[in-house]
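The values are calculated or read from the model by the stated rules, or taken from the named source; none is laboratory data. Please read these numbers as outputs of a predicted model, since none were measured by experiment. Here the Cβ positions follow ideal geometry from the backbone for every residue, glycine too, while neighbour counts run over all protein chains shown.
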């Protein structure tokens, strides 16, 4: 079974520029998450999708971050304009529930550096 | 306020010993508690899940306990090996199918 794919793996941009990340979840997984992991911290949820609908985006800074999952499969996360504090690893995870219990499978992440 | 705390940022032990990592939480009522392993430059990898009504779960050399009265989970690695060196993350799931709430992690180093 193929894992969660993310691209690019690394990105360096200047502040106020825009950037987009792509995620391809495990086939058949209805739930997709984007997390932000700042160095030395645990991952923090940005947005959760169930198929192509948003379940939870309460922690997404909507003035600069946006995300979509148009066909309920791949997803993109965009930052526009980027700030220095957006430097972090952006992790995508997918999941399917088995009897109410859910295991999340994470991709390798995209490491973003904002200069 | 709601907090998840993992007892130490770093833990150094010798090969063959048992590593014990602690996760404490306040002002959460998790239905599930999960432990993940993260290697440098990689995403977290699921290790074990324990439900609120379970006291203990085992998988090979790994053991997790969950005490909802103390609001604490302990994660044990027995007969530790250098290959166990990694960051271990504790994560709460308040309801099935909701996002995980992670602690900062504990970096374990096992020396030979």
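All but one of (1) touching a residue at least 40 places away in the same chain (Cβ under 8 Å); (2) in a strand (DSSP E or B) hold for residue B:80, so report the exception by its number. Condition (2) is where residue B:80 drops out. Inside the range B:83-108, residues that are free of Cβ contacts under 8 Å to residues at least 12 places away in the same chain and on the phi > 0 side of the Ramachandran plot make up a count of 1. Using the structure shown, decide if residue B:111 is buried (at least 16 other Cβ atoms within 10 Å of the Cβ) and in contact with a strand residue (DSSP E or B) (Cβ under 8 Å, 6 or more places away or on another chain). In short, no.
Within the range A:98-115, the residues that satisfy the criterion of being assigned to a loop (DSSP other than H, G, I, E, B), within 7 Å of another protein chain (Cβ to nearest Cβ) and at pLDDT 95 or above are A:107, A:108, A:109.
Pairs meeting the criteria (first residue in the range A:7-24 and more than 16 Å from residue A:37 (Cβ to Cβ), second residue loosely packed, with under 12 Cβ neighbours inside 10 Å, beta carbons under 8 Å, at least 6 apart or on different chains) are A:12/A:115; A:13/A:115; A:14/A:115; A:15/A:84; A:15/A:115. Can you find a residue that is within 30 Å of residue A:111 (Cβ to Cβ), away from every other protein chain (no Cβ under 11 Å), crowded, with 17+ Cβ neighbours inside 10 Å and in contact with a strand residue (DSSP E or B) (Cβ under 9 Å, 6 or more places away or on another chain) anywhere in the range B:86-107? Yes, the range B:86-107 contains at least one residue that is within 30 Å of residue A:111 (Cβ to Cβ), away from every other protein chain (no Cβ under 11 Å), crowded, with 17+ Cβ neighbours inside 10 Å and in contact with a strand residue (DSSP E or B) (Cβ under 9 Å, 6 or more places away or on another chain). Checked against (1) buried (at least 20 other Cβ atoms within 10 Å of the Cβ); (2) in contact (Cβ under 8 Å) with a residue 12 or more places away in the chain; (3) within 14 Å of chain B (Cβ to nearest Cβ); (4) not in a strand (DSSP E or B), residue A:82 meets all criteria but (3). Among the numbered conditions (1) within 14 Å of another protein chain (Cβ to nearest Cβ); (2) assigned to a loop (DSSP other than H, G, I, E, B); (3) surrounded by 12 or more Cβ atoms within 10 Å (Cβ to Cβ), the only one that residue B:53 does not meet is (3).
Taken over the range B:1-35, the residue count meeting the criterion of being farther than 17 Å from residue B:97 by Cα, touching a strand residue (DSSP E or B) at 6+ places or on another chain (Cβ under 6 Å) and within 10 Å of chain A (Cβ to nearest Cβ) is 2. If you go through the range B:33-50 and keep only what is surrounded by 13 or more Cβ atoms within 10 Å (Cβ to Cβ) and either more than 12 Å from the chain's Cα centre (by Cα) or not in a strand (DSSP E or B) (or both), you end up with B:42, B:43, B:44.
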